[in-house]
Every structure is written in structure tokens, then in C-alpha cells.
1. FRET efficiency for A:ASP31 and A:LEU245, Cβ-Cβ distance as r, R0 = 41 Å, nearest 0.05?
2. What FRET efficiency do you get for B:LEU201 and B:VAL85 if R0 is 30 Å and r is their Cβ-Cβ distance, rounded to the nearest 0.05?
3. May I ask you to list the aspartates and glutamates whose Cα is less than 17 Å away from that of B:LYS43, ignoring any residue fewer than eight positions away on the same chain?
4. From the phi angles alone, apply the Karplus equation (6.51, -1.76, 1.60; θ = phi - 60°) to the range A:136-153 and give each ³J(HN,Hα) in whole Hz, x where the residue is Gly or Pro.
5. No solvent, one uniform scatterer per C-alpha: report log10 I(q)/I(0) for the range B:85-135 via the Debye equation at q = 0.20, 0.21, 0.25 1/Å, two decimals.
6. Report ³J(HN,Hα) in whole Hz for each residue of the range B:164-180, in order, from the Karplus equation J = 6.51 cos²θ - 1.76 cosθ + 1.60 where θ = phi - 60°; Gly and Pro get x.
7. Taking N as the number of residues in the protein assembly as shown, what value does Rg over Cα atoms divided by 2.2 N^0.38 Å take?
8. Once the principal axes of the Cα atoms of chain A are found, what is the range along each, listed largest first in whole angstroms?
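Here, each number is a calculation from the coordinates, and none is a lab measurement. Since this is a predicted model, take the numbers as computed values, not measurements. Counting neighbours? That spans all protein chains shown, and the Cβs are built from the backbone with ideal geometry, glycine included.
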Amino acid sequence: MNAVGRRERGVLVAFLGLFLWTGGPVARGQDTAADFRQNCVSCHTIGGGRLTGPDLKGVSGRAERDWLVRFIVNPQAMIDRGDPYALKLLQESRGVVMPQFSGMSAARAQALLDLIAAESELEESQFKGLQITDRPFTTADVQGGRGLFMGVQPLRNGGPACIGCHTAKDLGGLSGGRLGPDLSRVFERLEGRKNLAAWLSAPATATMAPIFKNHPIASEEIVPIVAYLEAQASGGGEDMSAGPLIFLLIGLGGAGLMLVVFDLAWRMRFRTVRKQLVLTSTGRGEE
Amino acid sequence: MNALLFIALPYVALVLAIGVGIYRKLRKPYTYSSLSSEILENKRLFWGSVPFHYGITLILLAHLLAALFPSAAGWLLGGEIRRLVLELTGIALGIYTLFGLIVLIARRLVPKSLAQSVTSHMDGIVLFVLLVQVASGVGVAIFNRWGGVWYLHTAVPWFWSLAVLNPDTSTVDSLPALVKVHFVTGFVLILLFPFSRLVHLVMFPLQYLWRPYQVVIWNHRRATQGSVRREIAR
């Protein structure tokens with residue numbers, strides 16, 4: 001800061017003011033159908049049966065509109081308040097609390113309810129959900145799913161491979177990513193093919209939703225991934241490999257190796273000025 | 001808060017870095033330096049400066065190239081062996097850089113040392129932010145791997161949204177706190193760039209490659225008595 005004058009400091013203060021001024025929340029328009037697809041279909045269908053959450057066909061007939069809006073805006077608050085119908089829904093979903101979505105407002109909830117009402121009138125809603133096969137998965141299905149999980153076979157729509165953020169127990173080596181949870185038992189956690197397939201069709205976590213919104217997993221890719229994750233769940237257990245520790249140790253070893261290499265490379269180079277100056281000035285060094 | 005940290009901060013940092021950076025270059029060109037303390041130093045500087053600068057340069061290049069060419073980076077990271085090689089190289093470089101940075105900080109902390117006597121407050125701030133930046137990067141690489149893969153689908157779309165003036169933080173809003181710290185300190189460093197020794201980042205000494213050897217004459221006390229001692233340096 002010594003090198004800068006009063007004028008630069010003035011500029012800095014002005015920009016800090018701008019920084020604070022522009023820091024407010026940024027409102028974004030939302031297409032309601034896209035909103036439903038992005039945030040709701042991993043747990044709900046409209047006319048396709050129950051997933052983790054209830055089938056929403058005709059939901060307006062099951063509760064008051066005002067109640068539904070309040071529940072969509074903040075489900076946890078309704079549960080915490082001890083609302084009987086909210087507690088019943090919680091029990092039916094086996095304790096899975098509906099998440100509170102970022103930026104959810106009463107107006108957005110109203111728009112979603114309008115959409116659900118309109119879709120409920122249709123013979124077959126576009127949100128009926130993926131109807132996944134009941135047949136036993138083959139070895140080819142499982143291997144295909146492993147290739148997609150590992151990224152050996154890229155996802156058709158450009159989404160990231162699962163291994164970037166997740167691990168599974170059969171990966172071996174340095175195993176999978178650690179940004180997201182271990183998926184070895186996700187088949188059990190989501191209670192089967194139907195829920196897992198629905199989840200994959202529109203991953204709803206705050207991290208995955210914005211990524212897969214623009215790169216959805218194709219339905220023919222969902223079947224092999226479900227097959228792979230079903231195979232992972234059989235026999236129980238999670239990824240217990242020492243991958244992270246090995247990763248760190250190799251990193252430490254690599255850094256140590258680089259120090260040795262640079263020490264050798266610098267052996268014949270001028271690596272310290274002062275020492276040479278002191279030696280020369282005291283007549284002990286080379287001319 | 002996310003809008004403040006991931007929209008306002010990056011724009012303010014970049015505008016200041018470019019604006020004040022150009023102003024300083026035009027008005028005070030001789031301050032575009034890292035104020036080398038090489039001549040004051042013992043061997044300690046070698047173990048700090050060399051690992052830090054080689055490490056940070058390669059890591060910074062990897063971040064920039066992956067952001068500029070995400071498809072190519074995605075292909076590189078798509079193969080299992082390629083991903084392992086790149087990620088292991090990354091963590092080794094990260095630890096190597098962190099080692100160098102700690103040495104650089106430690107040498108300035110020695111009481112009454114020459115290095116401490118030429119350390120400004122801004123040097124202290126830059127070193128602290130750099131330490132948080134590099135340490136959080138190593139932490140992310142260890143605890144949230146494989147960062148190379150998910151970086152392409154979280155931070156890179158955010159960078160591009162900023163570049164095209166249509167900011168969208170949705171892909172980074174929910175990342176772990178350590179990752180957010182890494183993002184924020186990165187832009188704080190860009191913010192500090194024009195006000196600190198970091199300006200030397202854009203002073204590429206390319207002419208060093210073809211300039212002739214330079215004769216540095218040391219005006220030693222005995223030099224005044226007729227003996228000129230010379231150091232040949234590149």
C-alpha cells in the first residue's frame with residue numbers, strides 16, 4: 001500500500017461502496033414447468049404413483065391452498081409447529097423432510113400449484129415420471145453403468161461423471177470423489193429402482209440441480225446407472241478403501257521428490273546472493 | 001451473501017485490478033516490482049521462493065487453462081489413468097507450493113531479521129491471504145476430491161457467467177465452506193494485485209531469455225581502493 005497514493009485509496013473506497021451496494025440478492029425469473037422439473041420430480045410424480053413424496057395428482061383436493069403454499073415455502077417450519085397433516089406426510093415419507101428450496105416464495109408456490117392443477121386434469125401428465133423396467137438387470141447393464149459412473153463412457157448430454165463427486169465400494173485404487181456422499185448404498189437409501197431413477201432424472205440437491213438442469217442424464221443412461229448402484233447395494237457396506245490417505249501420502253511423496261529434484265537442479269546455480277557477498281567481503285570466498 | 005461474495009467481489013476485484021493496475025503502470029512504472037530481497041537473503045530464500053513460484057505458476061496455469069478450455073480439460077480428466085496422474089500431480093504441486101510459502105512467511109517472521117525489516121504491512125496481508133488460498137486449495141484437493149472434475153461443472157460455469165456479464169452463482173452457492181473460502185481468497189488476491197507486490201505477476205521477464213550476460217559491479221569498500229569485484233549473474 002506504500003506505493004499507492006491518496007487518489008488510489010479514494011478509488012478503492014468508491015469501489016468498496018459499489019461492492020456493498022451490488023451485494024443484494026439477485027432475483028431470477030423461473031419458468032414454472034422447468035422449476036417443477038428441476039426441483040420436484042426427483043420425489044414427486046403427477047399421476048405416476050408415489051416416490052419418496054406423494055403423487056401430486058389432485059393435491060389441491062387434499063389440502064387447503066393456503067396450507068399447501070405455506071408448506072411448500074417452508075416444510076420444516078410446519079413440521080416443527082406440529083401441524084398434524086405435515087406430520088402425517090412426514091410419516092408417509094418415512095421421515096424424509098421435504099427440503100426448503102432456495103428462493104421459494106408464496107408466489108412461486110402458487111405458480112407451482114397452478115401447474116400441478118393443470119397437469120392433474122390431463123390424462124397423462126408430462127410429469128408422470130420415468131417408468132423403469134422391473135426385469136432383473138444383466139451383467140451388461142451393470143458394466144455399462146460402471147462405465148458411466150467412472151466417466152469411461154461420457155454422459156450423452158455433457159453432465160459430469162458420478163466419480164467426480166461420489167465414490168462406491170467396488171472402485172478400488174484411489175476410489176471416487178468426496179464432494180458428495182458415498183453412493184454404495186444409495187439404492188437402499190432411496191428405497192429402490194423407481195425412486196433412484198426418478199432422482200437421477202432430475203437430481204434435486206442444491207449442488208447437482210443447477211449442473212444437471214442443463215445436462216440431464218438421458219433416460220437410457222439412467223437404467224444402467226441404477227443397475228450399477230443396485231449391484232453396489234447388494235451385500236451392504238460402503239467404500240472403506242484407504243484411497244484418501246494414499247492420495248495424501250502420494251502427494252507428500254511427490255512434493256518431497258520435487259524438492260530433491262530442484263535441489264539437484266540448482267546445485268550448479270547461484271542460489272544465495274548474500275552468502276557469496278559475505279564470503280567475498282571477508283576474503284574467504286572466491287573472487 | 002453469495003451475491004456479495006461471488007458477484008460483487010469478483011467484479012470489484014477485476015475492475016480495480018485492471019483500472020488501478022494500468023494507472024499504477026502509467027504513473028508509477030518503477031513501483032511495478034516485487035522489491036526483491038534476494039541480496040539480503042541466505043539459503044532460506046531458495047527453499048521458499050523456488051518451490052512457491054514453480055508450484056503456484058503451474059497450479060495457476062492449470063486453473064486458467066481448464067477454465068478457458070473446459071471441454072479439453074473434461075476429456076483429459078475423463079480417462080481414469082489421466083485423471084489420477086493429473087490429480088496426483090496437482091496435490092503434489094499444492095503441497096510443494098504450500099511448503100515454499102510457509103518458508104517464505106517464516107523467514108519474514110524471524111525477529112530483527114533483514115527480511116522482516118523490509119516487510120511492509122501489505123506484504124503481510126498478501127502473505128496471509130496467499131496462505132489461506134493455498135492451504136484451502138490443498139484442503140479441498142484432499143477432502144473434496146476429485147476437484148479437477150467438479151471444478152469444470154461448478155466454478156467454470158460461474159466464471160463464464162461473470163465473463164459474459166450474466167452472473168449465475170447457482171453452481172457454486174451450495175459448495176462446502178472450504179471451497180468458498182478458496183474462491184473468495186482468490187478474488188481477494190486479484191483485489192490486492194494493484195496495491196501490492198503482486199503486480200510483478202504481469203511483468204514477464206521474457207527478455208531474460210535473449211539478453212546478454214549482465215555484469216553486476218559491487219561497490220565494496222575495497223573497490224574504492226581500486227579493486228573492483230564482480231559477480232556474473234544472469
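1. Numbers: r = 46 Å, r/R0 = 1.12.
For A:ASP31 and A:LEU245, the calculated efficiency is 0.35.
2. My answer for the efficiency is 0.60.
3. A:ASP263
4. Running phi through 6.51 cos²θ - 1.76 cosθ + 1.60 with θ = phi - 60° gives x, 6, 9, 4, 5, 4, 5, 5, x, x, 5, x, 5, 4, 6, x, 4, 9 Hz.
5. -0.70, -0.74, -0.91
6. Listing the rounded values in order: 8, 6, 10, x, 9, 9, 4, 7, 10, 4, 10, 6, x, 4, 4, 5, 5 Hz.
7. 1.22
8. 98, 61, 37
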